[in-house]
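Beneath this line is the structure, given in structure tokens, with notes to follow.
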Amino acid sequence: MHFQQLAYFVAVAEARHFTRAAEAVHVSQPSLSQQIRALEAELGAELFSRARGNIALTDAGEALLPLARRILADADTARHEVQELVRLRRGRVRLGATPSLCTGLLPDVLRAFHDRHPQIRLLLEEGGSHDLVRQLARGALDLALVVLPLPAASPALTTVELLREDLVVVSSPAGPAPGRGGRVRIADLRGAPMVMFRHGYNLRELTLAACRAEGFEPSFTVEGGEMDAVLGFVRAGLGIAVVPSMAANRAGHDLRRTPLAGSGLRRTIALAHRSDVAPPRAARELQRMLLESGPDGGPPRAGGR
């Protein structure tokens, strides 16, 4: 079994067409088909059913596909790790983060990293924690900033707490201020028109859980957006939203920010990577800089302890 055969197999599995797969990997279609047949002979099982020109994965192919993707990703990581040994003059870091952290915490840290290592490419993937965990498991990311606790079915990941952050309520200054006395209780959200993040977004789950703990379901005027869209809908007066304090502070003066009363809501952000594979050298350097970005070299804490 060769890496090239696995790459050809993944290409056919994704294209579901031998000719298009051959074009994608820049090889002739007969050569690709020959390598697929050799892989099937090595494994002792057919990987594709080819009935009437329709290409579909067999059970053996379905079992091999996630493993092949991980093997190829690990091989690619190993290649870059060796290239980075020359004083971090080459290489890349594949970092995942939630949209609020991309606009809040990361710009200053990534700027400092780029100034120190200008030849290292920074590849950023925005998404919710559930999506980022899946990307880590596939080997598509080196590091990710995720919200704790992780989903129960998460793969083996190593996490280090980075940030504890209060959540606040944002609203349009043109409308009435939510809550009383400059603070909002969770109970004050009952019946209030709310702008809500899409499914799979950690802030959505936190807000829903807090409202349900108070015995009610929140009312949505708009739902399904990412951070920028949610803030834009709030500016337009479509409702209020619960967002991280860091995102609210960077949103500008055209939004009203109201703290949550009592203990409020907080989220814990951690740096995560796969436990079975050490991050590449460049990723470890970025990890060090992120962990040292807080006051006195400790984990940064925004709006809460």
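General observations
- If only the Cβ of Lys and Arg carry +1 and only the Cβ of Asp and Glu carry -1, the dipole of region 6-98 around its Cα centre is close to 440 debye.
- FRET efficiency estimate (nearest 0.05) - Cβ-Cβ, ALA229 to ARG284, R0 25 angstrom: 0.15
- Among the protein heavy atoms of region 203-256, carbon and sulfur supply 51% of the accessible surface, probe 1.4 Å, non-protein parts ignored.
- Overall shape of region 84-124 was characterised from the C-alpha gyration tensor. The equivalent ellipsoid obtained from it has semi-axes of 21, 11, 5 Å, in decreasing order.
- Basic side chains Lys and Arg get +1 at the Cβ, acidic Asp and Glu get -1 at the Cβ, and with that the dipole of the chain about its Cα centre reaches some 580 debye.
- The chain - accessible surface per residue (Å², probe 1.4 Å): 50 Å²
- Fraction of antiparallel bridges per DSSP, the chain only, in percent to nearest 5: 60 percent
- Cα centroid separation, region 22-89 to region 162-216 (Å): 46 Å
- The order of HIS26, HIS114, HIS199 by accessible area, most exposed first and with a 1.4 Å probe, is HIS26, HIS199, HIS114.
- Portion, in percent, of the accessible area of region 1-157 that falls on carbon or sulfur, probe 1.4 Å: 52 percent
- Note on region 165-305: Rg/Rh from C-alpha atoms, Kirkwood Rh, equals 1.03.
- Helices assigned as whole DSSP H runs in the chain whose Cα atoms extend at least 27 Å along their own long axis and whose mean Kyte-Doolittle hydropathy is -1.0 or higher are found at 59-83.
- Under 5 Å between amide hydrogens, built in the peptide plane, is the criterion, and for THR58 it picks out PHE48, SER49 among residues at least 5 positions away or on other chains.
- Leading residue at positive end of dipole, the chain (Cβ point charges), from LEU260, SER129, SER31: LEU260
- Restricting the calculation to Cα atoms, every distinct pair contributes to the Kirkwood radius of region 51-173, found to be 17.2 Å.
- Value of [θ]222 nm, deg cm²/dmol, for the chain, DSSP H segments ≥ 4, -39500 (n - 2.57) each, nearest 500: -12500 deg cm²/dmol
- Alpha-carbon Rg with Dmax, taken over region 177-220, Å: 10.6, 33
- Stretch gain in nm, segment ARG250-ARG138, where the contour uses 0.36 nm per residue and the Cα spacing is subtracted: 37.1 nm
- Taking ARG164, ARG69, ARG37 as the candidate residues, the one with maximal mean-square fluctuation in a Gaussian network model of the chain, Cα springs under 10 Å, is ARG37.
- Accessible surface ranking that places the most exposed of PHE233, PHE48 first, with a 1.4 angstrom probe: PHE233, PHE48
- The label-point distance for ALA177 and ALA56, in a model that sets each label 7 Å from Cα toward Cβ, rounds to 6.2 nm.
- Reciprocal of mean inverse Cα separation for the chain (Kirkwood radius, Å): 22.0 Å
- In the context of the full protein assembly, THR158 retains an accessible surface of approximately 50 Å², using a probe radius of 1.4 Å and ignoring ligands and nucleic acids.
The values are calculated or read from the model by the stated rules, or taken from the named source; none is laboratory data. Here the structure is a predicted model, which is why all the values come from computation and not from measurement. With ideal geometry, Cβ positions are generated from the backbone for all residues, glycine too; neighbour counts draw on all protein chains shown. SASA here: full protein model, heavy atoms, side chains in, ligands and nucleic acids out. Shrake-Rupley method; radii C 1.70, N 1.55, O 1.52, S 1.80 Å.
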